[in-house]
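Novice: The structure under discussion is supplied below as structure tokens; questions concerning it will follow.
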Amino acid sequence: MSDTRTGPPAPADETAERDAERLTSAPADPGTPDGAPAGIGVIGWARWTWRQLTSMRVALILLFMLSLAAVPGSLIPQNSQNAFKVQTWKAAHRGVAPLYEKLQLFDVYSSVWFSAIYILLFLSLAGCIVPRTWQFVGVLRAAPPAAPRNLTRMPVYAAWHTDADAKAVNAAAYRLLKRRRFRARLAGGSVASEKGYLREVGNLLFHFSLFALLAGFAWASLASGQGGKLLVEGQGYSNTTTQLDDFTGSYYYTVDDLDAFGFKLDRFTARYQTSGDQVGSARDFTAHIRYWKGTDSTKLTTGTIEVNHPLEIGGSKVFLIGHGYAPVVTVRNAKNEIVYRGPTPFLPQDANNTSTGVIKVSDYGTGPSGSKTMLGFNGYFLPTAPDNFAKTGPVSLFPDAADPMLVLTAYQGDLGTDSGLPQNVYQLDTKHMTQLQQDGDVARARLKPGQAWELPDGYGSVTFEGYQQWASFNVSHRPGNAVALTGAVCAILGLVGSLFVQRRRIWVRATAGADGRTLVEVAGLGRSESARTAEELAELAVELQDSAPALDDEAAGDGGDDSTSDHPPGGPAADTAPPAAPADPDSKE
């Protein structure tokens with residue numbers, strides 16, 4: 001983000017030297033010596049707040065808070081992803097469900113507190129990117145900074161004497177540095193060069209990409225929508241709100257923006273592992289469909305929808321998110337008239353597809369007592385039923401329908417379907433109903449396909465005809481996904497560039513001495529402690545020997561004076577040079 005510098009103002013010459021040694025384009029934050037808000041009053045506090053918001057520390061805190069805020073969304077079912085799971089979770093956790101509702105934990109990514117963190121991080125990034133980009137443009141337009149007055153302060157330094165002309169040495173050094181793709185300038189009796197601008201480009205790319213990633217998510221939340229639909233084999237639907245089981249829109253995506261298409265579920269296939277340590281594990285789920293685009297439902301195209309392989313139609317994607325079984329039941333009244341027939345979806349409760357559901361017969365008619373009544377059935381569907389589940393209860397042993405069984409209990413009375421109030425189709429309201437009894441116990445039946453159950457007290461019969469499979473789909477329209485994905489990829493590229501590209505500067509100064517000899521000084525400064533700067537300076541010193549050969553009685557210097565040293569001619573004294581502290585010890589860079 002931005003630098004934070006403390007301490008009293010430096011003299012003019014020290015400031016110039018700091019500018020030469022500063023290897024970042026991040027704008028400096030002037031601040032105040034005591035860290036208090038600059039200025040007084042509202043303007044001062046506003047300026048201080050803005051500086052705090054755009055600082056690296058606050059940005060990292062907000063990023064960490066955003067990561068923590070996303071955790072509940074991955075642990076708790078979300079309405080935007082699967083409303084069925086949310087309802088099932090609420091039914092199983094009735095005690096904490098109201099609290100979770102108030103905290104918006106079923107809608108984490110659209111909650112007030114998640115949006116607040118999101119917007120603050122968005123502003124923090126924007127406040128960092130704009131000045132940093134402007135500063136970097138200035139750096140690109142400016143020439144490399146002139147050589148510091150005292151090159152011996154640099155962490156990598158070498159020096160030797162030569163009989164070559166000082167101007168010729170500087171010109172040769174300039175050519176060598178340009179050949180090595182350094183940005184170089186020759187002025188004031190020295191050569192200043194710089195390389196590794198891609199490091200800051202990568203840094204800016206990372207920030208811009210993170211900004212684009214957040215913008216993509218924001219766009220998706222403002223212009224996206226999704227709905228859910230459960231279809232039993234043989235059924236179809238059109239993409240309209242009247243046929244969707246649920247729909248969640250946004251400010252810029254409403255029911256009028258739904259893409260025109262539809263499809264029919266012809267068949268659903270599921271494959272499970274039948275042996276080994278992972279017996280029962282899912283291996284393949286495929287929904288075989290025929291779909292149409294537009295309003296003409298006669299022009300059908302065959303297709304499939306698999307897990308992580310959605311069907312793309314227009315700007316929408318149809319995802320396969322769940323499946324289960326729908327027992328086919330026929331209910332007859334006391335007059336042997338069919339009052340209910342068809343598949344009823346049951347919801348899976350475990351990995352072996354032990355499923356629960358209810359069957360509501362609201363058009364039963366007149367009961368044995370002569371009064372109008374209704375029937376309701378609570379049931380379990382077991383794809384692979386055990387021989388005896390007296391101790392374990394009704395559970396399935398395998399997720400595939402190897403030996404299906406339907407377990408039912410019956411109620412008679414008022415289902416409440418005529419009250420006009422909405423009801424959960426997967427729950428039976430028994431407030432105004434009486435459970436049927438048989439031989440002094442609860443009336444229940446265990447039915448295999450083709451078997452019938454004669455209801456007690458002359459209420460008719462129930463026949464388990466077989467089963468069909470159902471699949472649930474999520475129809476999603478998210479226009480910002482491409483932007484978010486591009487931002488994520490570019491962020492990785494930018495991070496790689498900022499980590500592996502080294503920003504460094506090399507200065508060469510050749511000055512004529514009073515004794516007629518020329519002192520050649522070579523110094524380097526890297527953004528981070530890396531051997532690459534020392535290697536480049538050593539290679540440059542060796543190549544420069546062709547134009548400025550060291551005197552026979554001269555060894556590479558390690559100080560800054562005219563005395564000789566024990567280093568071999570042409571070799572940099574990077575390893576033995578006096579350690580130099582950075583020009584700005586308070587800088588984060």
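Novice: With respect to the numbered conditions (1) over 30 Å from Leu436 (Cα atoms); (2) part of a strand (DSSP E or B), which one is the sole condition not fulfilled by Gly365?
Specialist: (1)
Novice: Here's something else I'd like to know. List the strands (runs of 3 or more DSSP E) inside the stretch 208-283, counting only whole elements, that have at least 2 residues being open to solvent by less than 30 Å² (accessible area, probe 1.4 Å).
Specialist: 225-232, 261-272
Novice: Residues in the stretch 123-138 that are open to solvent by 30 Å² or more (accessible area, probe 1.4 Å) and under 20 Å from Arg505 (Cα atoms): how many?
Specialist: Looking only at that region, the number is 3.
Novice: Okay, next question. Taking only pairs six or more apart or across chains, which ones have beta-carbon atoms under 7 Å, a first residue in the stretch 481-499 that is closer than 13 Å to Val201 by Cβ and in contact (Cβ under 8 Å) with a residue 12 or more places away in the chain, and a second residue that is surrounded by 14 or more Cβ atoms within 10 Å (Cβ to Cβ) and among the charged types (D, E, K, R)?
Specialist: That search, which allows pairs on different chains as well, returns Gly497/Arg199; Ser498/Arg199.
Novice: Determine which single condition Asp400 fails, assuming it passes every other condition in (1) touching a residue at least 24 places away in the same chain (Cβ under 8 Å); (2) of a type in the set (D, E, K, R); (3) over 19 Å from Pro343 (Cα atoms).
Specialist: Only one criterion is unmet by Asp400, namely (3).
Novice: Another question, then. Only one of these is closer than 21 Å to Glu233 by Cα and within 45 Å of the chain's Cα centre (by Cα): Leu347, Leu428, Leu397. Name it. Steps first, answer last, please.
Specialist: Details: Leu428 fails: closer than 21 Å to Glu233 by Cα; Leu397 fails: closer than 21 Å to Glu233 by Cα.
It is Leu347.
Quick grid of which residues meet (1) part of a helix (DSSP H, G or I); (2) more than 30 Å from Lys229 (Cα to Cα); (3) modelled with pLDDT under 55; (4) in contact with a Gly (Cβ under 7 Å, 6 or more places away or on another chain):
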| residue | (1), (2), (3), (4) |
| --- | --- |
| Glu17 | yes, yes, no, no |
| Gly44 | yes, yes, no, no |
| Gln78 | no, no, no, no |
| Gln87 | yes, no, no, no |
| Lys90 | yes, no, no, no |
| Pro98 | yes, no, no, no |
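Novice: Answer yes if at least one residue in the stretch 510-530 is basic (Lys, Arg) and assigned to a helix (DSSP H, G or I), and no otherwise.
Specialist: Scanning the stretch 510-530 turns up no residue that is basic (Lys, Arg) and assigned to a helix (DSSP H, G or I).
Novice: Next question. Could you please let me know if Phe464 is crowded, with 19+ Cβ neighbours inside 10 Å, modelled with pLDDT of 85 or more and closer than 30 Å to Ser221 by Cα? Quick ask: steps written out before the conclusion?
Specialist: Working: crowded, with 19+ Cβ neighbours inside 10 Å: yes; modelled with pLDDT of 85 or more: yes; closer than 30 Å to Ser221 by Cα: no.
So Phe464 fails the test.
Novice: A further question on this structure: Take Ser396 and tell me if it is assigned to a loop (DSSP other than H, G, I, E, B) and surrounded by 18 or more Cβ atoms within 10 Å (Cβ to Cβ).
Specialist: Criteria met by Ser396.
Novice: Of the residues Pro449, Pro456, Pro479, which is more than 30 Å from Gly196 (Cα to Cα) and touching a Leu at 6+ places or on another chain (Cβ under 6 Å)?
Specialist: On the way: Pro449 fails: touching a Leu at 6+ places or on another chain (Cβ under 6 Å); Pro479 fails: touching a Leu at 6+ places or on another chain (Cβ under 6 Å).
Of Pro449, Pro456, Pro479, the one residue that is more than 30 Å from Gly196 (Cα to Cα) and touching a Leu at 6+ places or on another chain (Cβ under 6 Å) is Pro456.
Novice: List pairs: first in the stretch 49-62 and within 12 Å of Leu125 (Cα to Cα), second of a type in the set (S, T, N, Q) and assigned to a helix (DSSP H, G or I), Cβ under 9 Å, 6+ apart or cross-chain?
Specialist: Leu53/Ser124; Thr54/Ser124; Ser55/Ser124; Val58/Gln52; Val58/Ser124; Ala59/Ser124; Leu62/Ser124
Novice: Still on this structure: Restricting attention to the stretch 147-174, which residues are surrounded by fewer than 22 Cβ atoms within 10 Å (Cβ to Cβ) and under 23 Å from Leu198 (Cβ atoms)?
Specialist: Scanning the stretch 147-174 gives Pro155, Tyr174.
Novice: Give the number of residues within the stretch 256-304 that are farther than 18 Å from Gly314 by Cβ, of a type in the set (Gly, Ala, Ser) and touching a residue at least 40 places away in the same chain (Cβ under 8 Å).
Specialist: 4
Novice: Here is a follow-up. Given Leu493, Leu525, which one is under 45 Å from the mean Cα position of the chain (by Cα) and either exposed (fewer than 13 other Cβ atoms within 10 Å of the Cβ) or more than 30 Å from Lys167 (Cα to Cα) (or both)?
Specialist: So the residue among Leu493, Leu525 that is under 45 Å from the mean Cα position of the chain (by Cα) and either exposed (fewer than 13 other Cβ atoms within 10 Å of the Cβ) or more than 30 Å from Lys167 (Cα to Cα) (or both) is Leu493.
Novice: Specify which of the listed residues (Phe217, Phe268, Phe247) is modelled with pLDDT under 85, under 29 Å from Gln78 (Cα atoms) and of a type outside the set (S, T, N, Q).
Specialist: Phe217
Novice: A follow-up question, please. Condition first: open to solvent by less than 50 Å² (accessible area, probe 1.4 Å) and either under 30 Å from Phe84 (Cα atoms) or modelled with pLDDT of 90 or more (or both). Now tell me which residues in the stretch 506-522 satisfy that.
Specialist: Answer for the stretch 506-522, where residues must be open to solvent by less than 50 Å² (accessible area, probe 1.4 Å) and either under 30 Å from Phe84 (Cα atoms) or modelled with pLDDT of 90 or more (or both): Ile506, Trp507, Val508, Arg509, Ala510, Thr518, Leu519, Val520, Glu521, Val522.
Novice: Here is a further query. Picking from Pro72, Pro77, Pro98, which residue would you name as being surrounded by fewer than 17 Cβ atoms within 10 Å (Cβ to Cβ) and either on the phi > 0 side of the Ramachandran plot or not charged (D, E, K, R) (or both)?
Specialist: After applying the criteria, what remains is Pro98.
Novice: Could you list, in sequence order, all residues of the stretch 104-115 that are surrounded by 13 or more Cβ atoms within 10 Å (Cβ to Cβ) and not acidic (Asp, Glu)?
Specialist: Across the stretch 104-115, the qualifying residues are Gln104, Leu105, Phe106, Val108, Tyr109, Ser110, Ser111, Phe114, Ser115.
Novice: Going by the structure shown, is Gly440 open to solvent by less than 20 Å² (accessible area, probe 1.4 Å), over 30 Å from Ala223 (Cβ atoms) and out of contact with any Ser or Thr (no Cβ under 6 Å at 6 or more places or on another chain)?
Specialist: No.
The values are calculated or read from the model by the stated rules, or taken from the named source; none is laboratory data. Quick caveat, the model's predicted, so the values are computed rather than measured. Neighbour counts are summed over all protein chains in view; Cβ atoms, including those assigned to glycine, are modelled from backbone coordinates with ideal geometry. Side chains are part of the model used for accessible areas, which takes the heavy atoms of the whole protein and leaves out ligands, DNA and RNA. Shrake-Rupley method; radii C 1.70, N 1.55, O 1.52, S 1.80 Å.
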